[in-house]
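Notes follow once the structure below has been shown.
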Amino acid sequence: MPTITTLIPAYKKEYLGETLLGLARQTFRDFRVVISDDSPDDEITHLIRAGHYGDLSRSLDLEVVRGPKNARLNHQSLMDRWAGSSPFVHLQLDDDVVFPEFYRSHLAAHRTGRFSASVSRRWVTQGGLMPVMGINQPAPVAQSPLLHVPVDAELLFRTMVPTCNNWIGEFTHMVMSAEGARAYPRPPVDDLSYYGWLDVGFALSAVQVAPLVIVRDHLGIFRQHPSQTTHRLNTGIGRVSSLAWVTTALLAWREGRIAATDVVTAIKWNVRQCLERFGEEDAMINESFDLIQKHGGDLEQLVVAWRPFWLRLLAMHPATAPGALPAREPAIA
């Protein structure tokens, strides 16, 4: 059994070579890689078989499986395939890159305590590999003298949910413990949950199992480019992502983790963002606005009204409907 299983939900062939290079140069070597190919006509699989990535794919303990041809379901199918088979698991997105000390540094952080996940800082790039900016961290983390900073549920909810600020970052820059990975978010069946933004939902769910630990080193890059999922919010599935912060804030308030004023702050931010992305002509977004306007003065009533709306919105999309994942595909390369 390897120490770490690296899961790559792959769609964009353009960046995969650099992603594999980051893994091939890791100074910690006890990991295996599973690529779930979501590319059209299994193009990535054919490229790997043809030797397109050269020694990169041959130097890794690599398995390739056929993906479900849906980005969200690809993440979930990989987590199901992993199924606790190693002490740690890493969801490496196909357009990001980790630096050579990534795994060694994350495992060092995990050795300092019991944590659901370790999270390192990342540089932001504009398409290439050259860093152009970093991501600000909240004061309790940024001002800590520690290299490894524990973050408990109270701190994470307080610094993330009211301002709808995902300062934690993306899955690429997290290494989950097997215990923490059990909190990976799934579409809810009959109630609100932190499912919506997958990385945010995981962090908020997992921190209730055990704290996160922040590694205050920049150990990778988050690549911004026009084709990334973050830029496709004005779509059907984008409604789920756009309204997820409202659901998150309402649930956090119901659980006593944030104040009513924090929910109001989050909803105001969310409404502005939705107006920018969708305008005033989207029926589902307008329905959410109507619910907020009608029940916003009574959060208990808003929670009651929001629940069936949110579950109906999730059920409208195959990727977010409960039980949407097909049977697991066998390995193909």
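Can we say Tyr53 is among the aromatic types (Phe, Trp, Tyr), open to solvent by 40 Å² or more (accessible area, probe 1.4 Å) and modelled with pLDDT under 95? Can you show your working first?
Numbers: among the aromatic types (Phe, Trp, Tyr): yes; open to solvent by 40 Å² or more (accessible area, probe 1.4 Å): no; modelled with pLDDT under 95: yes.
No, not satisfied.
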For the range 89-164, which strands (runs of 3 or more DSSP E) that fit wholly inside it have 1 or more residues that are open to solvent by less than 70 Å² (accessible area, probe 1.4 Å), under 26 Å from Leu243 (Cα atoms) and of a type outside the set (D, E, K, R)? 117-126, 148-151
Those residues of the range 274-333 that are in a helix (DSSP H, G or I) and at pLDDT below 90 come to a total of 0
Pull out all pairs, ordered by first then second residue, where Cβ-Cβ is under 8 Å, the residues are six or more apart or on different chains, the first lies in the range 254-268 and is farther than 9 Å from Pro162 by Cα, and the second is modelled with pLDDT of 95 or more and of a type in the set (Asp, Glu). Arg257/Glu154
Examine the range 185-193 for a residue that is over 12 Å from the mean Cα position of the chain (by Cα) and β-branched (Val, Ile, Thr), and state whether such a residue exists. yes
Return only the number of the condition from (1) modelled with pLDDT of 95 or more; (2) assigned to a loop (DSSP other than H, G, I, E, B); (3) within 15 Å of the chain's Cα centre (by Cα) that Ser85 does not satisfy. (3)
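The values are calculated or read from the model by the stated rules, or taken from the named source; none is laboratory data. Remember, it's a predicted structure, so these values are computed and weren't measured experimentally. A quick note on method: Cβ atoms are made from the backbone with ideal geometry, for glycine too, and the neighbour counts reach across all protein chains shown. Accessible surface is based on the protein model in full, side chains and every heavy atom, while ligands, DNA and RNA are left aside. Shrake-Rupley method; radii C 1.70, N 1.55, O 1.52, S 1.80 Å.
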